[in-house]
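Visitor: One structure follows; several queries about it will come next.
The values are calculated or read from the model by the stated rules, or taken from the named source; none is laboratory data. Source: prediction; values computed, not measured. Because the Cβ atoms are built from the backbone with ideal geometry, glycine has one as well, and the counts that use them run over all protein chains shown.
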Amino acid sequence: MKTYALQMEGITKEFPGVKALDDVTFSVRKGEIHALCGENGAGKSTLMKVLSGVYPSGTYSGRIVINGKEVHFKDIKESQDAGVAIIYQELALVPEMTVAENIFLSSDLMRKKIIDWNELYAQAQYWLDQIGLSIDPQTKLGELTVGKQQLIEIIKALTKKAEILILDEPTAALTESDVEILISLLKDLRAKGVTCIYISHKLGEVITLADSVTILRDGQTVSTDSIEELTEDKIVTKMVGRTLTELFPYEKHDIGDPILEVKNYSFHHGGINETVAKEVSFSLSKGEILGVSGLMGAGRTELFISLFGGYPGKKSGEVIIDGKTVDIKKPSEAIQAGLAYVSEDRKRYGLVLGMEITKNSTLAALQKVMPKGLIDTEIEMKNAGELTSRMNLKAHSLEAKVSQLSGGNQQKVVLSKWLFTNPKVLILDEPTRGIDVGAKYEIYKIINELSQQGVGIVMISSELPEVLGVSDRVIVMSEGTITGELTREEATQEKIMKYATAGRDKNESNII
Amino acid sequence: MSQTSFETQTQNSNRPKLNFNFNVQSYTLIIALVLIALIFGILTKGEFLSPRNLSNLFTQMSVISVLAIGMTLVIVAGHIDLSVGSLAGLTGGIAAILQVWFGWDTFWVVLAAILVGALLGFWQGWWVAYRAVPAFIVTLGGMLIFRGILIGVSQGKTVAPLQDSFKIIANSFLPYSVGYIIAIIGIFLLFFSTWKKRSKRNQIGLQTASAFIDYGKVTAYSVAIFVVSFMLNLYYGFPLPMVIVLVLGGLFIFISMKTSFGRYVYAIGGNQEAAALSGINIKKNTLSVFVLMGALAGGAGVLLTSRLNAATVSAGEMYELDAIAACVIGGTSLMGGKGSIVGAIIGALIMASIDNGMSMMNIQTFWQFIVKGLILIFAVWIDISSKT
């Protein structure tokens, strides 16, 4: 009975300054579906990267035993050969190739000097039949739904004789019907003896699908229980059961009149052809820090980029900034109206990496360093210097390229850029993602300072402790709607998680 | 955190030990240029560096230089323009036709050529900016279209000769005294702007390089300016096309450094998405880049027709590649976001030197193609390997 497919014992993995995994134990029985749960940053991904050889043996301490044999993977190839297959949220498939080609992309069938196409298609057909998918293997992969593509990725893993299948948030981007197909496939595979590790935020799925659940928190194993002993509530409690430390320099500050009011705002994204925000209403006051919580894909980023004028697409509803109704169609109008948006992806949306610190910091309000209609480089340098020293930015020169800075310092440049526009409302999207603890603290201090100066602050964050530690008020989003609102006093991690997940199920039943 | 600690921070972060903030790229360029001049100087027994030949060289490089100035902006913005050779040919042809066949005055002819260039640049820029067709395709199309129009309107004939007032644009020289006056004004401006910049930076507490380095650089440039002026005045004086290049170069350096448009072009080329979210109008600025490129191609067309005293159907063929090569040799990155007009002009000078020097040595023309091609690859390789 107690045959383990996988045992990970005493796994410790350190990054400079952070202990990502601390003596983690994780054991998975043969042929079971084992869910791995935890908040963002709890160490789930790190643990899977250790398992799959992304972090090679020797860069962590602890033992990995697969089918009774201790293993030391030096790279991903070795873990694949041992039967470990990871399927990531972002699929590693080629949309322009056929289903069959994708399935066998890295197999010998495609590596032959001359490819036997008949053999290839026959093999693909065999596997598709095994799974019970009625897809022509000659279909272009890009024509399938994301859910079907995910299934193709699973087939690809199975053809490589995967014995341990790891699914990282497989249903995050799937429609309801695709989720059902995936769940029944996983149940089939379980019946055939494939072991599966299932990482998901959707606790409903975990309860229906998993045999056991291991919960990680702050890089440590909290517990491993069989599913009979668990409920959604119990899982949530175990996931977040932590007291807030002095990480967050919250200070009481005055909250003034409303500065941003959004009424019945809906937004339809033309590109992905989907209503991203539905009938959203909320308000933000001067000096208030509004936390926006929710799971990934809840539509938080999309909502605020849309309010900022960053997406083309149909919008409806009313937006009032400082008492004036505005119709923002592009970012320049948003900046004019007093909005600033600090993106979650600073390298892609926040910075011109090859440009100097100075030039980046004035990019959104260049007119302010052009007193006579021309850029005054000295005034620009002076302003940038003042801003960045207020941020405690560390760089050898203000004329250094932004690409040479650390993540925390880059984020400070982005903040400088937006503060230079003198915003009335500052929207921060995951402002501390990928930043070390020290820089995080400094950014919280800046947020506090700004709120004391009367700036209204929206902070989108997936880190619950951060949301609780920094915000005056929290709104929770799920599936493009606001599912809950909590004051600082009311807010707990459990309540937020409940709104973020329970709201999702409710919505789905509404749609159907 | 108190105010004082901020101030210490500023001082710390702004005052490194010694600022040898040399732009390595521009110095390797100058070194390369000096090397090429020396090699050809030796191989031609000094003939390459003779006043007459220098004068020829600066005249020969003028058309490509004008194109390269605009091309720098286009490439920095993250695009490419393959049509400029054809466009220069077409605008030069239109200029010749208006004057030779219709008798227009030179002033109106020049204006018309530049306007036609700007208009066709606008047309291409519209496709690129507002219809999102890749610039490579749009301007490849433009290259064929403009050449086709040129052959059509000129009926395949060479259009010549032009009026004297038109010919002087690319075939005359400034009086010696004017040349020296320009050189002296240039040297004075160099010193003055350096002094002004240093005093202003000191005044608001920003870092400055040591006076020795700053003024040393300026002195070196001044000596170079003086030597070149002297050499040119040993012949007929400053060639007018060279002066045109210098004026246009100065104007566009100014645009690229001092106007918001110039800054935005670099930002768009460096990271279009970040630029868009910073409130920059990507489409409008992209369109403007192509309009300016077109206008400069019109100017280049005028220079070309004036120099040859004729417009031919093949005028300007392959010039787009020379212009692109000049930019790339001058350190402009085809990935966008990086590049300088000074570099592009020096790049054009290097390309022209190779043409000129090799033909002086009576090396067959096919070698010029081969050597220029190799130098292009070599220049980019140096650029890439210096980064890693």
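Visitor: Can you find a residue that is among the charged types (D, E, K, R) and closer than 19 Å to B:GLN60 by Cβ anywhere in the stretch B:334-353?
Guide: Among the residues of the stretch B:334-353, not one is among the charged types (D, E, K, R) and closer than 19 Å to B:GLN60 by Cβ, which makes the answer no.
Visitor: Of a type outside the set (Gly, Ala, Ser), under 22 Å from A:MET459 (Cβ atoms), within 7 Å of chain B (Cβ to nearest Cβ) and surrounded by fewer than 21 Cβ atoms within 10 Å (Cβ to Cβ) - does that describe any residue in the stretch A:365-385?
Guide: no
Visitor: Taking B:PHE212 as the residue in question, decide whether it is more than 14 Å from chain A (Cβ to nearest Cβ), under 30 Å from A:THR388 (Cα atoms), of a type outside the set (Val, Ile, Thr) and exposed (fewer than 13 other Cβ atoms within 10 Å of the Cβ).
Guide: Yes.
Visitor: Kindly establish whether A:GLU143 is under 30 Å from A:GLY299 (Cα atoms), touching a residue at least 24 places away in the same chain (Cβ under 8 Å), within 30 Å of the chain's Cα centre (by Cα) and surrounded by fewer than 21 Cβ atoms within 10 Å (Cβ to Cβ).
Guide: For A:GLU143, the condition - under 30 Å from A:GLY299 (Cα atoms), touching a residue at least 24 places away in the same chain (Cβ under 8 Å), within 30 Å of the chain's Cα centre (by Cα) and surrounded by fewer than 21 Cβ atoms within 10 Å (Cβ to Cβ) - is not met.
Visitor: Being of a type in the set (Val, Ile, Thr) and within 30 Å of A:LYS368 (Cα to Cα) is true for just one of A:VAL474, A:VAL455, A:VAL470. Which residue is that?
Guide: From the options A:VAL474, A:VAL455, A:VAL470, the qualifying one is A:VAL455.
Visitor: Within the stretch B:267-278, take every residue that is facing another protein chain (nearest Cβ under 9 Å) and surrounded by fewer than 22 Cβ atoms within 10 Å (Cβ to Cβ) and give me the one that is nearest to A:LEU353 (Cα to Cα).
Guide: Ranking the qualifying residues of the stretch B:267-278, first place goes to B:GLU273.
Visitor: Suppose the filter is surrounded by fewer than 17 Cβ atoms within 10 Å (Cβ to Cβ), away from chain A (no Cβ under 14 Å) and among the small types (Gly, Ala, Ser); does B:SER229 pass it?
Guide: Against the criterion (surrounded by fewer than 17 Cβ atoms within 10 Å (Cβ to Cβ), away from chain A (no Cβ under 14 Å) and among the small types (Gly, Ala, Ser)), B:SER229 does not qualify.
Visitor: Next question. Residues that are away from chain A (no Cβ under 14 Å) and at pLDDT 90 or above: which helices (runs of 4 or more DSSP H) entirely in the stretch B:1-76 hold 3 or more of them?
Guide: B:24-43, B:51-60, B:62-76
Visitor: Turning to a different aspect of this structure: Please specify each residue of the stretch A:153-167 satisfying the condition of being among the charged types (D, E, K, R) and closer than 14 Å to A:LEU128 by Cβ.
Guide: Passing the criteria: A:GLU153, A:LYS156.
Visitor: Got a sec? Which of A:LYS347, A:LYS359 is within 12 Å of another protein chain (Cβ to nearest Cβ), touching a residue at least 40 places away in the same chain (Cβ under 8 Å), part of a helix (DSSP H, G or I) and not β-branched (Val, Ile, Thr)?
Guide: That would be A:LYS347, the only listed residue that is within 12 Å of another protein chain (Cβ to nearest Cβ), touching a residue at least 40 places away in the same chain (Cβ under 8 Å), part of a helix (DSSP H, G or I) and not β-branched (Val, Ile, Thr).
Visitor: Still on this model: Which condition number does A:VAL71 fail, the rest of (1) among the hydrophobic types (A, V, I, L, M, F, W, C); (2) closer than 30 Å to A:LEU230 by Cβ; (3) touching a residue at least 24 places away in the same chain (Cβ under 8 Å) being met?
Guide: So A:VAL71 meets the others, but not (3).
Visitor: Do you know which residues across the stretch B:141-189 are β-branched (Val, Ile, Thr) and within 19 Å of B:SER62 (Cα to Cα)?
Guide: B:ILE168, B:ILE169, B:ILE182
Visitor: Now, a different point. In the set B:GLY337, B:GLY331, B:GLY347, which member is closer than 24 Å to B:TYR221 by Cβ, within 14 Å of chain A (Cβ to nearest Cβ), small (Gly, Ala, Ser) and buried (at least 17 other Cβ atoms within 10 Å of the Cβ)?
Guide: Among B:GLY337, B:GLY331, B:GLY347, only B:GLY331 is closer than 24 Å to B:TYR221 by Cβ, within 14 Å of chain A (Cβ to nearest Cβ), small (Gly, Ala, Ser) and buried (at least 17 other Cβ atoms within 10 Å of the Cβ).
Visitor: Inside the stretch A:329-341, can you point out the residues that are at pLDDT below 95 and more than 9 Å from chain B (Cβ to nearest Cβ)?
Guide: A:LYS329
Visitor: Is it true that some residue in the stretch B:376-383 is modelled with pLDDT of 90 or more and either assigned by TED's automatic domain parsing to the domain that holds B:ALA274 or not in a helix (DSSP H, G or I) (or both)?
Guide: yes
Visitor: Restricting to the stretch A:314-344, name every residue that is among the acidic types (Asp, Glu) and not in a strand (DSSP E or B). Even if it seems obvious, please write down each step before you answer.
Guide: Residues of the stretch A:314-344 among the acidic types (Asp, Glu): A:318, A:322, A:327, A:333, A:344.
Once the filter is applied, which keeps residues that are among the acidic types (Asp, Glu) and not in a strand (DSSP E or B), the stretch A:314-344 yields A:ASP322, A:ASP327, A:GLU333, A:GLU344.
Visitor: Tell me, yes or no, whether the stretch B:280-297 has at least one residue that is closer than 18 Å to B:GLN124 by Cβ, basic (Lys, Arg) and within 14 Å of chain A (Cβ to nearest Cβ).
Guide: Scanning the stretch B:280-297 turns up at least one residue that is closer than 18 Å to B:GLN124 by Cβ, basic (Lys, Arg) and within 14 Å of chain A (Cβ to nearest Cβ).
Visitor: If you scan the stretch A:80-100, which residues turn out to be hydroxyl-bearing (Ser, Thr, Tyr) and over 21 Å from A:MET110 (Cα atoms)?
Guide: A:TYR88 - this is the single residue of the stretch A:80-100 that is hydroxyl-bearing (Ser, Thr, Tyr) and over 21 Å from A:MET110 (Cα atoms).
Visitor: Output the qualifying pairs, or none if there are none: Cβ atoms under 6 angstrom, residues six or more apart or on different chains, first residue in the stretch B:275-286 and assigned by TED's automatic domain parsing to the domain that holds B:GLY78, second residue β-branched (Val, Ile, Thr) and surrounded by fewer than 21 Cβ atoms within 10 Å (Cβ to Cβ).
Guide: What qualifies is B:ALA276/B:ILE282.
Visitor: Can you confirm whether B:SER256 is part of a helix (DSSP H, G or I), in contact with a Gly (Cβ under 7 Å, 6 or more places away or on another chain), among the hydroxyl-bearing types (Ser, Thr, Tyr) and within 11 Å of chain A (Cβ to nearest Cβ)?
Guide: Working: part of a helix (DSSP H, G or I): yes; in contact with a Gly (Cβ under 7 Å, 6 or more places away or on another chain): yes; among the hydroxyl-bearing types (Ser, Thr, Tyr): yes; within 11 Å of chain A (Cβ to nearest Cβ): yes.
Yes, satisfied.
Visitor: Name the residue that is farthest from the other protein chains (Cβ to nearest Cβ), counting only residues in the stretch B:303-315 that are surrounded by 24 or more Cβ atoms within 10 Å (Cβ to Cβ) and more than 16 Å from the chain's Cα centre (by Cα).
Guide: B:ALA311
Visitor: Suppose we filter A:LEU428, A:LEU393, A:LEU468 for residues that are crowded, with 20+ Cβ neighbours inside 10 Å, part of a strand (DSSP E or B) and out of contact with any His (no Cβ under 8 Å at 6 or more places or on another chain); which single one remains?
Guide: Numbers: A:LEU393 fails: part of a strand (DSSP E or B); A:LEU468 fails: part of a strand (DSSP E or B).
Among A:LEU428, A:LEU393, A:LEU468, only A:LEU428 is crowded, with 20+ Cβ neighbours inside 10 Å, part of a strand (DSSP E or B) and out of contact with any His (no Cβ under 8 Å at 6 or more places or on another chain).
Visitor: Here's something else I'd like to know. Among B:GLY250, B:GLY205, which is the only one that is more than 23 Å from B:ILE345 (Cβ to Cβ) and either free of Cβ contacts under 8 Å to residues at least 12 places away in the same chain or not in a helix (DSSP H, G or I) (or both)?
Guide: On the way: B:GLY250 fails: more than 23 Å from B:ILE345 (Cβ to Cβ).
Every option except B:GLY205 fails the conditions.
Visitor: Would you mention how many residues in the stretch A:125-169 are in a loop (DSSP other than H, G, I, E, B) and of a type outside the set (A, V, I, L, M)? Talk me through it step by step, then tell me what you get.
Guide: The first filter runs over the stretch A:125-169 and keeps only residues in a loop (DSSP other than H, G, I, E, B), leaving A:132-139, A:144-145, A:160-163, A:169.
Then keep just the ones that are of a type outside the set (A, V, I, L, M); that gives A:132, A:134, A:136-139, A:145, A:160-161, A:163, A:169.
Matching residues across the stretch A:125-169 total 11.
Visitor: Count, please, the residues in the stretch A:273-289 that happen to be hydrophobic (A, V, I, L, M, F, W, C) and surrounded by fewer than 24 Cβ atoms within 10 Å (Cβ to Cβ).
Guide: We begin by selecting, within the stretch A:273-289, every residue hydrophobic (A, V, I, L, M, F, W, C); these are A:276-277, A:280, A:282, A:284, A:289.
In the following step, the residues that additionally are surrounded by fewer than 24 Cβ atoms within 10 Å (Cβ to Cβ) were identified as A:276, A:280, A:282.
Matching residues across the stretch A:273-289 total 3.
Visitor: Which is within 26 Å of the chain's Cα centre (by Cα), surrounded by fewer than 14 Cβ atoms within 10 Å (Cβ to Cβ), farther than 30 Å from A:LEU398 by Cβ and away from chain A (no Cβ under 14 Å), of B:ALA183, B:ALA170, B:ALA224?
Guide: Step by step, each of B:ALA183, B:ALA170, B:ALA224 is checked, and only B:ALA224 is within 26 Å of the chain's Cα centre (by Cα), surrounded by fewer than 14 Cβ atoms within 10 Å (Cβ to Cβ), farther than 30 Å from A:LEU398 by Cβ and away from chain A (no Cβ under 14 Å).
Visitor: Give just the number: which of (1) surrounded by 16 or more Cβ atoms within 10 Å (Cβ to Cβ); (2) under 24 Å from A:ALA5 (Cβ atoms); (3) under 24 Å from the mean Cα position of the chain (by Cα); (4) not aromatic (Phe, Trp, Tyr) does A:ASP178 not satisfy?
Guide: (2)
Visitor: Return a yes/no flag: does the stretch B:170-179 have any residue that is in contact with a Pro (Cβ under 7 Å, 6 or more places away or on another chain) and assigned to a helix (DSSP H, G or I).
Guide: Checked the stretch B:170-179: at least one residue is in contact with a Pro (Cβ under 7 Å, 6 or more places away or on another chain) and assigned to a helix (DSSP H, G or I).
Visitor: Would a scan of the stretch B:125-146 turn up a residue that is in contact (Cβ under 8 Å) with a residue 24 or more places away in the chain, assigned to a loop (DSSP other than H, G, I, E, B) and surrounded by 14 or more Cβ atoms within 10 Å (Cβ to Cβ)?
Guide: Taking every residue of the stretch B:125-146 in turn, none turns out to be in contact (Cβ under 8 Å) with a residue 24 or more places away in the chain, assigned to a loop (DSSP other than H, G, I, E, B) and surrounded by 14 or more Cβ atoms within 10 Å (Cβ to Cβ).
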